[in-house]
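Working notes for the structure below.
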Amino acid sequence: GFTFFDIENNDLYTKNSLAFGDWSLAVHVELITKSNGISKNVQVNMTPTDKTSVSISYSTNYSSDTLDLTATGSRTWRGFLTWTPNRRVNIGVYGTRSVSETGSRANASSTSLSYRFFRGHQLNMNYSRQESVGTVVETYSGSLGLTIGRRTSMQIIYSTTQPGKEDETTYLKAGISQSF
């Protein structure tokens, strides 16, 4: 019943009897490797007033061949704030910061403003900034929706990425729709 495991060749042998050299044939064992993943998340949602809401979260993800419950791996922090001072205005601010397991960092933030005015007219304006590996990308975008008469509406959408730089991209779209 004595067994011997050859760690160089991954072979398992069993002693058949007390006789010298009486071993079973080798049983080859294929080792299976596993990857363990650990995710930890914490999120806090608050409504400090009837016009504001705040959300803050932290998450970490880690994967390895060995199980380590204390490891942190890559980490992400997020925050979001919305404020609605009145029925017509909605303001939002969002930010995130990520740190990978290798230590590289990335940041992203955005701000949005929505203003609803007379009879269904609405203005949306957005600004976002992303920073990763020394590269910064800024984008300004938005839309303007107008109601013209009872059945006709017009919408103008714009977006400008990297304004004033060599790789600037601008997008403008206008449309009119009429219901019957």
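Sorted on the mean count of surrounding Cβ atoms within 10 Å across their residues, most packed first, peptides 14-24, 122-132 read 122-132, 14-24. Applying 0.36 nm per residue to the separation of Ser179 and Ser63 and subtracting their alpha-carbon distance, the gain on full extension is 36.3 nm.
For the peptides 47-54, 88-95, residues were scored by their other Cβ atoms within 10 Å and the scores averaged per peptide; the highest-first order is 88-95, 47-54. Taking the inverse of the mean reciprocal distance over all distinct Cα pairs, the Kirkwood hydrodynamic radius of the chain comes to 22.5 Å.
For the chain, the share of accessible area belonging to carbon and sulfur comes to 56 percent (1.4 Å probe, ligands and nucleic acids excluded).
The charge dipole of the chain, taken about its Cα centre with unit charges on the Cβ atoms of Lys, Arg (+1), Asp and Glu (-1) only, comes to about 1920 debye.
Shape class for the stretch 117-180, computed from the alpha carbon gyration tensor (a ≥ b ≥ c): prolate, with a/c not under 1.5 and a/b above b/c. Overall, the anisotropy analysis places the stretch 32-103 in the prolate class: the square-rooted eigenvalues a ≥ b ≥ c of its C-alpha gyration tensor yield a/c not less than 1.5, with a/b exceeding b/c. Which parts of the stretch 163-180 would a label at Met154 reach, counting a residue when its backbone N lies under 19 Å from a point 7 Å out along Cα-to-Cβ? Inside the label zone: 172-180. Solvent exposure of the chain, expressed per residue, is 74 Å² of accessible area, with all protein chains present and a 1.4 angstrom probe. Between Phe4, Val133, Thr161, the Cα set farthest toward the positive side of the dipole of the chain (charges on each charged residue's Cβ, about the Cα centre) is that of Thr161. Taking Cα centre as origin and charging only the Cβ of basic (Lys, Arg, +1) and acidic (Asp, Glu, -1) residues, the dipole magnitude of the stretch 72-178 rounds to 740 debye. Would you look at the GNM of the chain, springs on alpha carbons closer than 10 Å, and say which of Tyr13, Tyr158, Tyr58 moves the most? Of Tyr13, Tyr158, Tyr58, the Gaussian network model singles out Tyr13 as fluctuating most. Between the listed residues Ile32, Thr170, Gly103, the Cα displaced farthest toward the positive end of the dipole of the chain, a dipole computed from Cβ unit charges relative to the Cα centre, is found at Thr170.
The values are calculated or read from the model by the stated rules, or taken from the named source; none is laboratory data. Source: prediction; values computed, not measured. Don't worry about glycine lacking a Cβ; one is built from the backbone with ideal geometry, like all the others, and counts go over all protein chains shown. The protein model used for the area step is the full one, side chains on, heavy atoms only, and it has no ligands, DNA or RNA in it. Shrake-Rupley method; radii C 1.70, N 1.55, O 1.52, S 1.80 Å.
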